[in-house]
Amino acid sequence: MKLKVKLLSAICLSVVISAVVCCTYNFTCLYKSAIKNEFESQKKYSMLITNALDLRLKEPNSQIEKIIDQIAFTQLEAVEKFHQFYKKQDLLDFSTFQYFAISNASNQLFEANEISKGENCLAMYKIPENKQSKVKSELLAKKVSFDNLWCTVDKEQAFLGYRILNIADKNFLYLQKISASDLYVEKSLFDKIKDLDINKLLYKDGYLQTKNPTAVVILSSKGKILNSNLDKSVAVSYTDSILKDDFNEAHKSNLIKQIALENAKDNKAKIVTISYLQEYDAFVVVAKNKGPIIRKEVISILLIAALAFCVLGLLVFVTLKLLAFVNKDLKSIENNINVLKTIILEPKERTEQSVSMVDTNKFTLEKLDNVYSAVADYAKEVNSCIEKKIEELNTVCQNSVKEAVENKELSMISSFHKDMANAGADMPNSKFLDIASFLVPAKTDPKAFYDIFRVDKDNIGIIFGKTSQGSLKSISAINIITSFVKDALTHKNLLPAQALTDVNHILMQRENGDLNITCFVMILSEFTGNFIYSMAGLNLPTLIHLHKEQKLEAKAIHAELCTNKDETYIDSKGKFTYLDTLVFVNTDITDIKDEQGNEFTLEKIMETFTQKADDEASDQLISFYRELKKHAGADFESLNKDVSAIVIKKNANNKEFE
């Protein structure tokens, strides 16, 4: 065999053997290690899902513990609030519960002498009946007085209350608003599995990779997909390729089954881990395409082969080059030998000469029409459904807009009446007068209004009246009356009659319809007790002197505002002295009847004020409100009437005018 062939064969064999050894090592160690690492990662995923499901199962206990702590805290808060506020005169009555319900306040202490029977607190929290006895036992263990708890639901708002009974012949109720997130939510096991955000778990723990995402699928024992971090169609492509025998083997052993799936339906080999969760009777399947996992190892094998090919080529090239040089030198030697062969018989000198002449430095070692018809029919059906739905939506929207407008109008009217009434810092201070007032507007048709203000340093202005109807038009009229009259008395120095005449003229320039307004205007001297007043309509205040009542007698009775544009109002005068009381009461409440059918007459109202004439003005109003509530009885909460009153008592003498 030629030397060239032998050398090339030896070189190729050496390179191939080296490449095979490297590839074998790479496959044996690195490839299998990558598969093993992936199986370990998938096992961690399965444990991660299992732990998350375990936490889901513990959620109901944490919900119940939160509810128990909330109820216990409410009891402590109620006792603390009670000791802080129960002696205060301005403590809210439970009749104002509805205003608290729609307010931004989260809790409130009420004086509640008559409390309706509340709901089952545990049922309000939506705690199942089979758990209520245990919750009640834990509440009793925390020294919660279960009998004093009071709960109710009003317009989808839940309230948790605690009653404090028979304290100085009074009952009190502390209420706390309960948010929807505080209520108990019972979920089935499969619902908890479906609610599990698998992607969030994987992102949190840094497992998710966007280039080659890990498929996590939770299956029921019957093969139904309960949850997945992939689209359902993609999840199905992962699970359908797994043999039932693999699921059965994992089920029987209650262990983790790990397989390398080579014949998947999408023709992609996969690494799959199947975990059977006996507690949930479900499987967790974690799968990943095998290709991207072993890509580095395959690429490294290909790189080794390519490198071996390059090395082989380089060695062959060098070997051929060296052989070429050797061949050249051998040829030169052969030529020289042939020359020597011709002169071998020549004389010695000639042969030596021929040898000396050789230069040794030269040596270098389906059919379209049917499809169209089907699509056209479907389009017609969809169009018909859409048209019907549009009509239904239009009807619903119209009704909703109408209802919203009515509710907004009512809300604006009620808000105006509440904001209009003087209270606290808005009430003018007086050295000689004790002034108190309140206004509880009707729920759906508020009409009453009043204003108390300082005309100058010596006089107090009073506006007291009502409209014939509750509407935005009436609100505008009330605003005009109060603003104009107040400005006329304080800045223009007009008397009540002139102010009423002028404001009536202004109102009559508007379109008022059936609206008419009863209005009483007075200027009262706090130093002398003298007052001058004028009245549109008939609703005069009552003067109480030495526990005897007497209606003010006006010089003339005038028509209501917005009825006669040419009406000229006349002033009347009067005086009240030390310990006298002026009482303004809205007469709409006189037709309220008790259980026997007796009306709450003006005489009965004045009887309350005459009996309490020695009390402070605010105490007189409180007594009046309680008498009204007592008279109305159980119907008080459903009354739709304005309850407004002003009490002005002369509680000191000015000796300069005695």
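The values are calculated or read from the model by the stated rules, or taken from the named source; none is laboratory data. Since the structure is predicted, the reported quantities are computational estimates derived from the model, not experimental observations. Here the Cβ is made from the backbone with ideal geometry for all residues, glycine too, and neighbour counts use every protein chain on show. Each accessible area value is taken on the protein alone, full model and side chains, heavy atoms only, with ligands, DNA and RNA left out. Shrake-Rupley method; radii C 1.70, N 1.55, O 1.52, S 1.80 Å.
Could you say whether any residue in segment 622-635 is β-branched (Val, Ile, Thr), closer than 17 Å to residue 589 by Cα, more than 41 Å from the chain's Cα centre (by Cα) and at pLDDT 85 or above? For segment 622-635, residues β-branched (Val, Ile, Thr), closer than 17 Å to residue 589 by Cα, more than 41 Å from the chain's Cα centre (by Cα) and at pLDDT 85 or above: absent.
Candidates are the residues of segment 585-631 that are open to solvent by 40 Å² or more (accessible area, probe 1.4 Å) and of a type in the set (A, V, I, L, M, F, W, C); the one that is farthest from residue 558 (Cα to Cα) is 622.
Report whether or not residue 513 is touching a Pro at 6+ places or on another chain (Cβ under 7 Å), open to solvent by 10 Å² or more (accessible area, probe 1.4 Å) and modelled with pLDDT under 85. It would help to see each step written out before you state the result.
Details: touching a Pro at 6+ places or on another chain (Cβ under 7 Å): no; open to solvent by 10 Å² or more (accessible area, probe 1.4 Å): yes; modelled with pLDDT under 85: yes.
Answer is no for this residue.
When you scan segment 516-524, do you find a residue that is under 49 Å from the mean Cα position of the chain (by Cα) and over 22 Å from residue 583 (Cβ atoms), even just one? There is at least one residue in segment 516-524 that is under 49 Å from the mean Cα position of the chain (by Cα) and over 22 Å from residue 583 (Cβ atoms).
Only one entry in 19, 34, 52 is open to solvent by less than 50 Å² (accessible area, probe 1.4 Å), at negative phi and at pLDDT 75 or above, namely 19. The residues in segment 593-634 that are in a helix (DSSP H, G or I) and not aliphatic (A, V, I, L, M) can be counted, and the count is 19. Within segment 94-115, the set of residues being among the hydrophobic types (A, V, I, L, M, F, W, C), open to solvent by less than 30 Å² (accessible area, probe 1.4 Å) and assigned to a helix (DSSP H, G or I) comprises 94, 97, 100, 101.
Residues in segment 146-180 that are under 20 Å from residue 129 (Cα atoms) and modelled with pLDDT under 85: 146, 147, 180. Could you check, for segment 69-86, whether at least one of its residues is in contact with a helix residue (DSSP H, G or I) (Cβ under 7 Å, 6 or more places away or on another chain) and either closer than 24 Å to residue 438 by Cβ or open to solvent by 60 Å² or more (accessible area, probe 1.4 Å) (or both)? No, there is no match, as no residue in segment 69-86 is in contact with a helix residue (DSSP H, G or I) (Cβ under 7 Å, 6 or more places away or on another chain) and either closer than 24 Å to residue 438 by Cβ or open to solvent by 60 Å² or more (accessible area, probe 1.4 Å) (or both).
Quick check: anything in segment 426-433 at pLDDT 85 or above and among the hydroxyl-bearing types (Ser, Thr, Tyr)? No.
Somewhere in segment 566-584, is a residue within 55 Å of the chain's Cα centre (by Cα), buried (at least 20 other Cβ atoms within 10 Å of the Cβ) and not in a strand (DSSP E or B)? Explain how you work it out, then say what you get.
As a first pass, look at segment 566-584 and keep what is within 55 Å of the chain's Cα centre (by Cα): 581-584.
Narrowing the set further to residues that are buried (at least 20 other Cβ atoms within 10 Å of the Cβ) leaves 581-584.
With the extra rule that they be not in a strand (DSSP E or B), the set shrinks to none.
So far as segment 566-584 goes, no, none of its residues is within 55 Å of the chain's Cα centre (by Cα), buried (at least 20 other Cβ atoms within 10 Å of the Cβ) and not in a strand (DSSP E or B).
Scanning segment 127-136 for residues that are over 12 Å from residue 65 (Cα atoms) and open to solvent by 70 Å² or more (accessible area, probe 1.4 Å) yields a count of 3.
If we keep just the residues of segment 438-479 that are among the basic types (Lys, Arg) and part of a strand (DSSP E or B), which is surrounded by the most Cβ atoms within 10 Å (Cβ to Cβ)?
466
Can you give me the number of residues within segment 516-549 that are outside any strand (DSSP E or B), open to solvent by less than 50 Å² (accessible area, probe 1.4 Å) and aliphatic (A, V, I, L, M)? Qualifying residue count, segment 516-549: 1. None of 554, 559, 536 is among the small types (Gly, Ala, Ser) and farther than 27 Å from residue 475 by Cα except 554.
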